[in-house]
C-alpha cells in the first residue's frame, strides 16, 4: 500500500512489514526534478534523504550532468517488488509519464519559488 507525500519527507506509512531484525522494511519511490533543466528522474531507495544527497554529489552517471536536484514527490511501499513495479510504471508507460508530470507539478520548482 502506497502513501504519497510531498517533498518535505513527512512520509506517512499506512502499513509496513517488520523484518527479522525488528526494523521497518519500507521502500520509497521518489521523483526528483533537475533545478536547471526541469527534467524529472524516478528512482527507488530505502533512504530518500541519503539518495538525494548522492544524486546531488554526482554519484549517478545518468543524473550527474543535470544537478542539482530537488525532491518533488515520494511514495512508501511495503516491499521492494511493489516499489519497483511503481517505478517501472512511472518510467516506462505513457500513463505513468503523465502521472509523473502531474505529481511533480504539485510542487513548484525552486526557480518558480525564486530560490
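Please indicate, with yes or no, whether at least one residue in the stretch 79-92 is touching a residue at least 40 places away in the same chain (Cβ under 8 Å), assigned to a strand (DSSP E or B) and closer than 11 Å to residue 28 by Cβ.
No - not one qualifying residue is present in the stretch 79-92.
Please go through the stretch 93-107 and pick out each residue that is crowded, with 16+ Cβ neighbours inside 10 Å and not in a helix (DSSP H, G or I).
107
Sort out which residues of the stretch 24-69 are within 11 Å of the chain's Cα centre (by Cα) and assigned to a loop (DSSP other than H, G, I, E, B), and write them in order of number.
Selection gives 46, 47.
Is there a residue being modelled with pLDDT under 95, touching a strand residue (DSSP E or B) at 6+ places or on another chain (Cβ under 6 Å) and surrounded by 14 or more Cβ atoms within 10 Å (Cβ to Cβ) anywhere in the stretch 47-59?
no
The values are calculated or read from the model by the stated rules, or taken from the named source; none is laboratory data. Small disclaimer: the values here were computed from a predicted structure and weren't measured. A quick note on method: Cβ atoms are made from the backbone with ideal geometry, for glycine too, and the neighbour counts reach across all protein chains shown.
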